[in-house]
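J.: Got a structure for you, questions after.
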Ligand code: MRU
């Protein structure tokens with residue numbers, strides 16, 4: 001299992017809270033927050049205090065565990081059906097915190113299924129949900145390591161990549177997705193360098209990716225999002241490695257807005273464009289990318305910058321958090337199950 005030492009989201013040992021790194025405060029401050037209710041977890045997910053598809057899945061499951069534990073303590077004699085009803089309604093609220101990353105609903109559904117198998121008393125249901133939330137984290141760490149192994153098999157010995165947004169420790173339980181092979185290669189002494197886009201408007205690239213790579217001793221160069229095409233034309237990049245928030249059954253990929261433009265430029269200049277994600281990011285129930293709901297975020301993310309107002313009242317914005325890259329522009333989808341190439345058959349997807 002790969003580790004940078006960062007633990008972005010963990011269910012506390014006593015099960016009473018979810019400890020997260022508050023990613024809004026990075027890179028200035030590494031601050032942890034303890035979330036003690038479903039509402040606090042939902043708020044942290046919506047405001048991107050915890051973010052990245054696998055990480056919000058882990059946080060959602062842990063938040064559900066905390067909430068149902070609180071309920072079980074307040075209602076020790078509640079019958080199974082009543083506890084399950086409460087669990088489903090909290091689960092639905094958590095799953096609805098952000099719409100695009102499939103991992104969130106997937107993790108909540110796993111906890112509900114585990115609870116159904118234990119539906120006797122409030123305390124046994126709460127214990128089953130907590131155990132499932134811990135399993136989701138453990139599996140995430142293992143999946144990151146497996147993704148790294150499969151990716152390294154198709155990357156050159158020494159490589160330079162371009163990445164977008166943050167797909168490292170902070171976006172997951174700790175092992176990363178698209179950055180997992182970068183950490184794994186560095187750990188065994190292979191030379192690896194990274195170009196990271198800033199990732200406007202919330203700057204996950206410069207605030208988070210550059211921060212965690214630099215701390216790990218991996219050379220990283222930040223570029224404005226608009227420089228990606230010129231960089232790809234320059235021949236300096238061996239491959240583009242990005243993550244995913246939801247992968248449709250046909251291989252279309254929803255990921256951070258701007259991914260699609262990078263994929264077009266990579267194809268134009270003959271640079272391999274790989275998507276790295278755990279199998280929990282594959283949504284077999286969504287046939288094609290245009291069916292994926294794309295989250296639209298607040299006007300202020302574009303209208304305000306560092307305390308300044310950039311846009312006069314009345315100026316419109318369109319602020320989609322994600323875009324869809326068609327499968328035809330993706331060279332390979334690398335999961336913990338292996339390297340998938342078109343036509344895609346993700347047999348064994350957990351969903
Ligand atoms: O809005 P964010 O920061 O949650 O978006 C995250 C991304 O788009 C990541 O690329 C994606 O979740 C894959 S992360 C392992």
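J.: What is the residue count in the stretch 145-168 for residues that are more than 10 Å from the ligand (Cβ to nearest atom) and either within 22 Å of residue 206 (Cβ to Cβ) or assigned to a loop (DSSP other than H, G, I, E, B) (or both)?
T.: Within the stretch 145-168, residues that are more than 10 Å from the ligand (Cβ to nearest atom) and either within 22 Å of residue 206 (Cβ to Cβ) or assigned to a loop (DSSP other than H, G, I, E, B) (or both) number 8.
J.: To continue, here is another question. How many residues, within the stretch 220-238, are surrounded by fewer than 17 Cβ atoms within 10 Å (Cβ to Cβ), in contact with a helix residue (DSSP H, G or I) (Cβ under 7 Å, 6 or more places away or on another chain) and assigned to a helix (DSSP H, G or I)?
T.: Selection size over the stretch 220-238: 1.
J.: Mind checking which residues of the stretch 282-306 are buried (at least 17 other Cβ atoms within 10 Å of the Cβ) and part of a strand (DSSP E or B)?
T.: Residues satisfying the conditions are 282, 283.
J.: May I ask you to verify whether residue 272 is surrounded by fewer than 18 Cβ atoms within 10 Å (Cβ to Cβ) and touching a helix residue (DSSP H, G or I) at 6+ places or on another chain (Cβ under 8 Å)?
T.: yes
Let's see how each residue does on (1) on the phi > 0 side of the Ramachandran plot; (2) out of contact with any strand residue (DSSP E or B) (no Cβ under 6 Å at 6 or more places or on another chain):
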{"site": "158", "(1), (2)": "no, yes"}
{"site": "165", "(1), (2)": "yes, no"}
{"site": "168", "(1), (2)": "no, yes"}
{"site": "195", "(1), (2)": "no, no"}
{"site": "203", "(1), (2)": "yes, yes"}
{"site": "206", "(1), (2)": "no, no"}
{"site": "215", "(1), (2)": "no, yes"}
{"site": "219", "(1), (2)": "no, no"}
{"site": "226", "(1), (2)": "no, yes"}
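J.: Can you confirm whether the stretch 75-83 contains a residue that is within 26 Å of residue 208 (Cβ to Cβ) and touching a strand residue (DSSP E or B) at 6+ places or on another chain (Cβ under 9 Å)? Write out each step before concluding.
T.: First, pick out the residues of the stretch 75-83 that are within 26 Å of residue 208 (Cβ to Cβ): none.
Scanning the stretch 75-83 turns up no residue that is within 26 Å of residue 208 (Cβ to Cβ) and touching a strand residue (DSSP E or B) at 6+ places or on another chain (Cβ under 9 Å).
J.: Is it the case that the stretch 119-136 has a residue that's within 13 Å of the ligand (Cβ to nearest atom) and farther than 21 Å from residue 331 by Cβ?
T.: no
J.: Since residue 263 meets every condition but one in (1) part of a helix (DSSP H, G or I); (2) within 16 Å of residue 198 (Cβ to Cβ), which condition does it not meet?
T.: (2)
J.: Among the residues of the stretch 242-253, write down those that are assigned to a strand (DSSP E or B), more than 8 Å from the ligand (Cβ to nearest atom) and over 10 Å from the mean Cα position of the chain (by Cα).
T.: First, pick out the residues of the stretch 242-253 that are assigned to a strand (DSSP E or B): 242, 246-248, 253.
Next cut, more than 8 Å from the ligand (Cβ to nearest atom) only: 246-248, 253.
Selection gives 247, 248, 253.
J.: Separate question: Yes or no: residue 249 without any contact (Cβ under 8 Å) to a residue 40 or more places away in the chain and either crowded, with 17+ Cβ neighbours inside 10 Å or in contact with a strand residue (DSSP E or B) (Cβ under 8 Å, 6 or more places away or on another chain) (or both)?
T.: Values: without any contact (Cβ under 8 Å) to a residue 40 or more places away in the chain: no; either crowded, with 17+ Cβ neighbours inside 10 Å or in contact with a strand residue (DSSP E or B) (Cβ under 8 Å, 6 or more places away or on another chain) (or both): yes.
So residue 249 does not fit the description; no.
J.: Quick check on this structure: which one of 51, 69 is touching a residue at least 24 places away in the same chain (Cβ under 8 Å), under 16 Å from residue 166 (Cβ atoms) and surrounded by 14 or more Cβ atoms within 10 Å (Cβ to Cβ)? Walk me through it before giving the result.
T.: On the way: 69 fails: under 16 Å from residue 166 (Cβ atoms).
Step by step, each of 51, 69 is checked, and only 51 is touching a residue at least 24 places away in the same chain (Cβ under 8 Å), under 16 Å from residue 166 (Cβ atoms) and surrounded by 14 or more Cβ atoms within 10 Å (Cβ to Cβ).
J.: Looking at 148, 178, 133, which one is surrounded by 19 or more Cβ atoms within 10 Å (Cβ to Cβ), under 19 Å from residue 239 (Cα atoms) and either touching a strand residue (DSSP E or B) at 6+ places or on another chain (Cβ under 6 Å) or without any contact (Cβ under 8 Å) to a residue 12 or more places away in the chain (or both)? Before the answer, list the steps.
T.: On the way: 148 fails: either touching a strand residue (DSSP E or B) at 6+ places or on another chain (Cβ under 6 Å) or without any contact (Cβ under 8 Å) to a residue 12 or more places away in the chain (or both); 133 fails: under 19 Å from residue 239 (Cα atoms).
Result: 178 is the single residue among 148, 178, 133 that is surrounded by 19 or more Cβ atoms within 10 Å (Cβ to Cβ), under 19 Å from residue 239 (Cα atoms) and either touching a strand residue (DSSP E or B) at 6+ places or on another chain (Cβ under 6 Å) or without any contact (Cβ under 8 Å) to a residue 12 or more places away in the chain (or both).
J.: Restricting attention to the stretch 184-208, which residues are out of contact with any helix residue (DSSP H, G or I) (no Cβ under 7 Å at 6 or more places or on another chain) and either more than 8 Å from the ligand (Cβ to nearest atom) or part of a loop (DSSP other than H, G, I, E, B) (or both)? First the steps, then the outcome.
T.: So the first thing to find is which residues in the stretch 184-208 are out of contact with any helix residue (DSSP H, G or I) (no Cβ under 7 Å at 6 or more places or on another chain), and the list is 186-191, 193, 203-207.
Selection gives 186, 187, 188, 189, 190, 191, 193, 203, 205, 206, 207.
J.: If you don't mind, there's one more thing I want to ask. Yes or no: residue 217 part of a loop (DSSP other than H, G, I, E, B), touching a helix residue (DSSP H, G or I) at 6+ places or on another chain (Cβ under 9 Å) and within 23 Å of residue 56 (Cα to Cα)?
T.: In short, no.
J.: Residues to consider are 228, 266; find the one that is at pLDDT 95 or above, within 15 Å of the ligand (Cβ to nearest atom) and more than 11 Å from residue 323 (Cβ to Cβ). Let's see the steps before the verdict.
T.: Values: 266 fails: within 15 Å of the ligand (Cβ to nearest atom).
Testing whether each residue is at pLDDT 95 or above, within 15 Å of the ligand (Cβ to nearest atom) and more than 11 Å from residue 323 (Cβ to Cβ) leaves just 228.
The values are calculated or read from the model by the stated rules, or taken from the named source; none is laboratory data. Keep in mind that this is a model prediction, so the values were computed, not measured. Glycine gets a Cβ as well: all are built from the backbone with ideal geometry, and neighbour counts include every protein chain shown.
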